[in-house]
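These notes are about the structure you will find just below.
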Amino acid sequence: MNLIEIIRQTIGAMRAHKMRSFLTMFGIIWGIASVIILVGLGRGFNTDQKKRMKTIGVDLMIVWGGRTSSQAGGYAAGREIRLNITDAIQLKNEAYLFKTVSPEVIRPVPEVSQYNAALRPVRGIWPEYQNFRSLAVSQGRLMSPEDEEQSRRVVVLGVDAAQQLFPGKPAVGATLMMAGYPYQVIGILSKKKQNGSYGSGPDNTQLFVPYSSMARDFPPSARPWHIPGYLNNLVLEVADPDQHEAATAQLYRILGNAHHFDPTDEDALWVWNTLKGAKPNARIFNVMTMFFGAVALMTLALGGIGVMNIMLVSVTERTREIGVRKALGATYRDIRSQFFAESAVLTLISGIVGLVIGVGICFAMQNAPLPDFIPAPEIVPSAIVASILTLGVITMTAGMYPASRAAHKEPVECLRYE
């Protein structure tokens, strides 16, 4: 019996038992599609998380003042370290392992436009901050070095702040009164997909002004932060990601000399390293992707059990046919090949349909508008290869046992079967 005849008989059997064949094939189809979709979703979550982390910044260190835990330079332990603008200038001049540095002052300031009022956080920064914090404008421009040098009263609005202060109205070029001072809106930030932040919230909600303007117009007034040049924190971009440890040591050494604390005293500063923070997140999403893949492969294996079950039922139903064929001279190999080929055709048809559905759903989701919390699944070649290999194993195991069982039947017993 040639392959075409075997395929013809298999399709005829599927038509004769439509519901049974559909349910059997559905297990394989859903299993293959599940592998592609679930692994794609896991990889999509990982990629989306990395993109959201990049909105905070790549290879950054955000530094806050801490409290010393040991004596140094004649100063007692437990002393509070308060960062100031001199620290930012010194790091900019001396910390060669860092690419860029910016001070940051964060304060809630009353804002009044001709349309609305708000009390949103304002961040005083150096212009370099905008680059390594991945700030981009949808309208207008970002702050320039001249804005900082000349202490211009200019402001860049987060998209949410712009919608509140200028609802449905043009904002760029307008005047915004901030604590009684007139600031010109020069830009509106592009909307960010941002899972987390530090300080006072996501960038979409903030207002950004030159540090020099903020230090002049909105100096901290409450104790103990009324000291001149007080900073909430420093933000630094590491020049070489492979030298994070050396850069951290240099940071502690420079600030330790400036504030008279031991450079080995890690409690003197609180440092958030975004590169180190990204590694645990990547491990979590990689494990999640592997879990999704394992669950999908188990689903595919259960589909294979369904194929084996349907082939065993088929062997039982066709017992007399097997006896007649053996009586007419069919060999053990002929019977085994027939049933194995029928199982393989059933499995392969289901697998092809499952691959098309899985890839099609991933492609459709990539091109469809999705909520922010649902990432677009990626089409992962390794998932397709794994599903094909698993399908091959299923074809061998689910087809060989029923085929071998059919081939071992005795002709006399088969002919007696009712």
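Does SER138 satisfy being polar (S, T, N, Q) and surrounded by fewer than 21 Cβ atoms within 10 Å (Cβ to Cβ)? It is true that SER138 is polar (S, T, N, Q) and surrounded by fewer than 21 Cβ atoms within 10 Å (Cβ to Cβ). Report yes if GLU148 is modelled with pLDDT of 85 or more, closer than 27 Å to PRO263 by Cα and open to solvent by 10 Å² or more (accessible area, probe 1.4 Å), otherwise no. So GLU148 fails the test. What do you reckon, is PHE285 at pLDDT below 85 and in contact with a Phe, Trp or Tyr (Cβ under 7 Å, 6 or more places away or on another chain)? So PHE285 fits the description; yes.
Scanning region 181-200 for residues that are open to solvent by less than 60 Å² (accessible area, probe 1.4 Å) and at pLDDT 90 or above returns TYR183, VAL185, ILE186, GLY187, ILE188, LEU189, SER190. Could you look through region 228-257, keep only residues that are of a type in the set (A, V, I, L, M) and either surrounded by fewer than 20 Cβ atoms within 10 Å (Cβ to Cβ) or in a helix (DSSP H, G or I) (or both), and pick out the one that is modelled with the lowest pLDDT? Looking at residues that are of a type in the set (A, V, I, L, M) and either surrounded by fewer than 20 Cβ atoms within 10 Å (Cβ to Cβ) or in a helix (DSSP H, G or I) (or both), I get ALA239.
The values are calculated or read from the model by the stated rules, or taken from the named source; none is laboratory data. Remember, predicted model here, so these are calculated numbers, not experimental data. Using ideal geometry, Cβ is built from the backbone for each residue, glycine included, and neighbour counts are taken over all protein chains shown. Side chains included, ligands, DNA and RNA excluded: accessible areas come from the protein's heavy atoms. Shrake-Rupley method; radii C 1.70, N 1.55, O 1.52, S 1.80 Å.
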